[in-house]
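S.K.: Provided herewith is a single structure, encoded as structure tokens, for subsequent inquiry.
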Amino acid sequence: MFSFLFPNMKIRSTKKELMDFEDCDTEKLIKTVAQFRLLNMLFSSSNSLINKYIFTDIKKRKISEVNFLDIGAGGCDIPIWFLKKCKKIGIKASITCIDSDERITEYAIKVCKNFPDIKVIHGNAFDLKLHGKFDYIFTNHFLHHIDDQSIPSLLSIISESCNNVMVLNDLKRSNLAYFGYTLFTALFIKKSFAFYDGRLSIQKGFTKHELTNHIQKSKAKLFVKQHLPARLCVVGKT
């Protein structure tokens, strides 16, 4: 029971999440992606990070139009929120959402059908050069899906594709976060991969030292910031 609630967090897990298998159950996959909206709203701090780093920069530069990219966008709840806020403050936004799973992409296209300023494409983050440059790039809980050997090159690719600010929000390995997430999802999240994958995601999260080492191996000028609850954010500014 102790190891179930408090696993060893000294070493980053390399296990593959259920939703990352190509033959995983499609119904559970889409259910999981749909549940991200609630989980992101409660736990990810994505909106506050975008406000702090991206909207602050937009205001500083006095920009009236933005080109925004969300990598691993899932069900596009964050891009939709971003678009609505841009409209509220009078900013014209063109948003691109990339996901490597075609089933998720198909679902996201349906979710965004009433938002013509959001383009959803099936693609790979390592092929960003095919899509040109973006003013702002954001990822949420995406980096921990990448193996350690590939992270430095990915950081370089994302940095080279960004004109202004990039914000890569991800998980910090934490027994407290693991315990809290286990209790919440056991009680409220059903019929999806969220319970198993979310707990594994925390085990696949990072320490600040690990992310700093990845940055040093990359060609990018980035820094790591810690945020509540149990989040590490890689930020780059031009």
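The values are calculated or read from the model by the stated rules, or taken from the named source; none is laboratory data. Predicted, not measured: the structure shown is a model, and the values here were computed from it. FYI the Cβ positions are ideal-geometry reconstructions off the backbone, even for glycines, and counts take in every protein chain you see.
S.K.: Need at least 1 residues that are farther than 21 Å from Val224 by Cβ, of a type in the set (A, V, I, L, M) and out of contact with any Leu (no Cβ under 6 Å at 6 or more places or on another chain) per element, so show me which helices (runs of 4 or more DSSP H) inside the stretch 1-79 make the cut, counting only ones lying wholly within it.
M.R.: Output list reads 2-5, 26-39, 56-61.
S.K.: Do we find that Leu49 is surrounded by 12 or more Cβ atoms within 10 Å (Cβ to Cβ), under 30 Å from Thr238 (Cβ atoms), out of contact with any Gly (no Cβ under 7 Å at 6 or more places or on another chain) and at pLDDT 95 or above in this structure?
M.R.: Yes: the conditions hold for Leu49.
S.K.: While we're looking at this one, here's another question. Which of the residues that make up the stretch 105-131 are under 18 Å from the mean Cα position of the chain (by Cα) and either of a type in the set (Lys, Arg) or over 10 Å from Cys76 (Cα atoms) (or both)?
M.R.: Lys119, Ile121, His122, Gly123, Asn124, Ala125, Phe126, Asp127, Leu128
S.K.: In the stretch 154-178, how many residues are surrounded by fewer than 16 Cβ atoms within 10 Å (Cβ to Cβ) and assigned to a helix (DSSP H, G or I)?
M.R.: 3
S.K.: Can you tell me which residue among Ile137, Ile118, Ile151, Ile157 is among the β-branched types (Val, Ile, Thr) and free of Cβ contacts under 8 Å to residues at least 40 places away in the same chain?
M.R.: Ile157
S.K.: Next question, about the same structure. Looking at the stretch 6-18, can you tell me whether even one residue there is free of Cβ contacts under 8 Å to residues at least 60 places away in the same chain, surrounded by fewer than 16 Cβ atoms within 10 Å (Cβ to Cβ) and under 20 Å from Phe193 (Cβ atoms)?
M.R.: Within the stretch 6-18 (the criterion being free of Cβ contacts under 8 Å to residues at least 60 places away in the same chain, surrounded by fewer than 16 Cβ atoms within 10 Å (Cβ to Cβ) and under 20 Å from Phe193 (Cβ atoms)), the answer is yes, since at least one residue qualifies.
S.K.: Hey, can you tell me all the residues within the stretch 123-132 that are without any contact (Cβ under 8 Å) to a residue 60 or more places away in the chain and surrounded by fewer than 16 Cβ atoms within 10 Å (Cβ to Cβ)?
M.R.: Selection gives Asn124, Phe126, Asp127, Lys129, Leu130, Gly132.
S.K.: Search the stretch 216-238 for residues being buried (at least 17 other Cβ atoms within 10 Å of the Cβ) and in a loop (DSSP other than H, G, I, E, B), and hand back the single one that is modelled with the lowest pLDDT.
M.R.: Step by step, filter the stretch 216-238, then rank; the result is Ala220.
S.K.: For the stretch 180-195, which positions are farther than 12 Å from Pro229 by Cβ and of a type in the set (A, V, I, L, M, F, W, C)?
M.R.: Leu183, Ala186, Leu187, Phe188, Ile189, Phe193, Ala194, Phe195
S.K.: Can you report the number of residues in the stretch 85-109 which are surrounded by fewer than 17 Cβ atoms within 10 Å (Cβ to Cβ), touching a strand residue (DSSP E or B) at 6+ places or on another chain (Cβ under 6 Å) and assigned to a helix (DSSP H, G or I)?
M.R.: Total meeting the criteria: 2.
S.K.: Please indicate, with yes or no, whether at least one residue in the stretch 31-43 is at pLDDT below 95 and in contact with a Pro (Cβ under 7 Å, 6 or more places away or on another chain).
M.R.: Within the stretch 31-43 (the criterion being at pLDDT below 95 and in contact with a Pro (Cβ under 7 Å, 6 or more places away or on another chain)), the answer is yes, since at least one residue qualifies.
S.K.: Please verify whether the stretch 192-215 includes one or more residues that are among the charged types (D, E, K, R), without any contact (Cβ under 8 Å) to a residue 12 or more places away in the chain and in a loop (DSSP other than H, G, I, E, B).
M.R.: No; the residues of the stretch 192-215 include none that is among the charged types (D, E, K, R), without any contact (Cβ under 8 Å) to a residue 12 or more places away in the chain and in a loop (DSSP other than H, G, I, E, B).
S.K.: Which numbered condition trips up His145, out of (1) on the phi > 0 side of the Ramachandran plot; (2) within 16 Å of the chain's Cα centre (by Cα); (3) of a type outside the set (A, V, I, L, M)?
M.R.: Here His145 meets the rest and fails (1).
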